[in-house]
There are 2 protein chains.
Amino acid sequence: MADINLTAKLADLANRSSASGTARPASAPEPAWDIIELLFFAYRDFVGDPDEVLAKLGFGRAHHRVLHFVNRNPGMKVADLLDILKITKQSLGRVLKQLVDQNYVLQKEGANDRRQRLLYVTPKGEALALKLAGLQTTRIARALAELGPGTHDVARRFLTAMLDPAGRDRVLRLIARADHARRPNT
Amino acid sequence: MADINLTAKLADLANRSSASGTARPASAPEPAWDIIELLFFAYRDFVGDPDEVLAKLGFGRAHHRVLHFVNRNPGMKVADLLDILKITKQSLGRVLKQLVDQNYVLQKEGANDRRQRLLYVTPKGEALALKLAGLQTTRIARALAELGPGTHDVARRFLTAMLDPAGRDRVLRLIARADHARRPNT
DNA sequence: GATTTATGTCAGCCATATTGACATATTTCG
DNA sequence: CGAAATATGTCAATATGGCTGACATAAATC
């Protein structure tokens, strides 16, 4: 009940138009303070669960990101990973080396192109990736269960709409392709 | 059209149960890959807009967070800010000092308790805070406009539900109080 | 007057990111 | 074939933004 009241109150506050005399130019719309701050806190909590597990292993978020995308896209090239993460190969280098050295990720020479080092998770790596994804899924499932059925779809469409329109299709294709790729046993 | 098709395809993929033979234990639910990855990319884009502006000023995300919360909660104590950001005072110190030195934030001695250094944005600071919030609001408004009316409320409830239940009321109170605090002219 | 509180600061460490330059192996193209 | 482009890795230096621990100061509180 407390939640519901607070949420309603918040909605009320955010929807009413400003009557103040702040310096905000009349041309600009009222900032969406509620969504801005909720996104900040929600994202922090969202990555907080994995962070705890990772910290015990001596890993950080960088390791999580690498492990996540390699698990989701087995056989991906190093260049693909750099492109997704939008970091430099020097930054990736250290993190990837640790994951390889500790047997979470392995690199195979490309069959066609032997310059490539295709990336795969080991069983150990998959287990960790699934553990971390499980934590986040638990949070998501709880959230979606709190709201009505059909919320999964709305949430997905909201988050999709928040993406840069320019890169949107690329992201959606990445997600869809990863869903495909992992269906057959490798 | 491309978007809609891809979104529908994505929904289809995510909702169908796994038929693969991966190492995921039967007890665990299927990871919500779509929400996990969309949240990652959406959040990145969301903070990407401010990042560009900040970079030109020689600031980073840390400065943004400080400026944002001081703007939203004028007169807040340093201790309050530390508590919201969940960082140490040493980390805050550097960033805050730069904002104060460059006249984005000012500190006033507390009227009751003269040990306190209450934090306020200057007009310059408010202008920047509003500029950054404006960029994010534009993205949010675009997203909400793409989806139907009433989506603002669903998005807010979804993000609220994603918060740690333990700290949820605290976050909602913070947001609601900030909305109040800035109504009257200071 | 002693203790606690609010804040600031010094010193050093760590993780993760950056740029630029260069090395190696391999593929591709003229 | 040989040159150029590509995929990857690595060395060195630098920046940001976190962290811990120790200590200092001023003011409030007991």
(request) Would you point out the residue of the range B:90-111, among those that are modelled with pLDDT of 95 or more and assigned to a loop (DSSP other than H, G, I, E, B), that is farthest from DNA strand D (Cβ to nearest atom)? (result) B:Asn103
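Per-residue answers, yes or no, for (1) closer than 28 Å to B:Asp45 by Cα; (2) away from DNA strand C (no atom under 11 Å from the Cβ):
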| position | (1), (2) |
| --- | --- |
| A:Lys56 | no, yes |
| A:His64 | yes, no |
| A:His68 | yes, yes |
| A:Asn71 | yes, yes |
| A:Gly75 | yes, yes |
| A:Gln90 | yes, no |
| A:Glu109 | no, no |
| A:Arg117 | no, no |
| A:Glu126 | yes, yes |
(message) Tell me whether the range A:73-81 contains one or more residues that are more than 11 Å from DNA strand D (Cβ to nearest atom), assigned to a helix (DSSP H, G or I) and at pLDDT 95 or above.
(response) no
(message) Name the single residue that is modelled with the lowest pLDDT among those in the range A:135-186 being β-branched (Val, Ile, Thr) and farther than 15 Å from B:Phe40 by Cβ.
(response) A:Thr186
(request) Pick out the one residue from A:Ile140, A:Ile87 that is within 29 Å of B:Ala161 (Cβ to Cβ) and either within 16 Å of DNA strand D (Cβ to nearest atom) or not in a strand (DSSP E or B) (or both). (result) A:Ile140
(request) Give me the pairs, please: first residue somewhere in the range A:140-169 and free of Cβ contacts under 8 Å to residues at least 40 places away in the same chain, second residue anywhere and among the small types (Gly, Ala, Ser) and surrounded by fewer than 16 Cβ atoms within 10 Å (Cβ to Cβ), beta-carbon distance under 7 Å, and either six or more positions apart or on two chains. (result) A:Asp153/B:Ala11; A:Arg156/B:Ala11; A:Asp169/B:Ala2
(request) Please state which one of A:Val121, A:Val100, A:Val105, A:Val95 is within 13 Å of DNA strand C (Cβ to nearest atom) and either under 17 Å from A:Phe59 (Cβ atoms) or within 14 Å of chain B (Cβ to nearest Cβ) (or both). (result) A:Val95
(message) Restricting to the range A:53-72, count the residues that are surrounded by 12 or more Cβ atoms within 10 Å (Cβ to Cβ), without any contact (Cβ under 8 Å) to a residue 60 or more places away in the chain, over 23 Å from A:Arg173 (Cβ atoms) and away from DNA strand D (no atom under 13 Å from the Cβ).
(response) 2
(message) Taking the conditions exactly as written (of a type in the set (Val, Ile, Thr) and under 18 Å from A:Glu146 (Cβ atoms)), does B:Val171 satisfy them or not?
(response) yes
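The values are calculated or read from the model by the stated rules, or taken from the named source; none is laboratory data. From a predicted model like this one, the values you see are computed outputs, not experimental measurements. We place every Cβ from the backbone using ideal geometry, glycine too, and count neighbours over all the protein chains shown.
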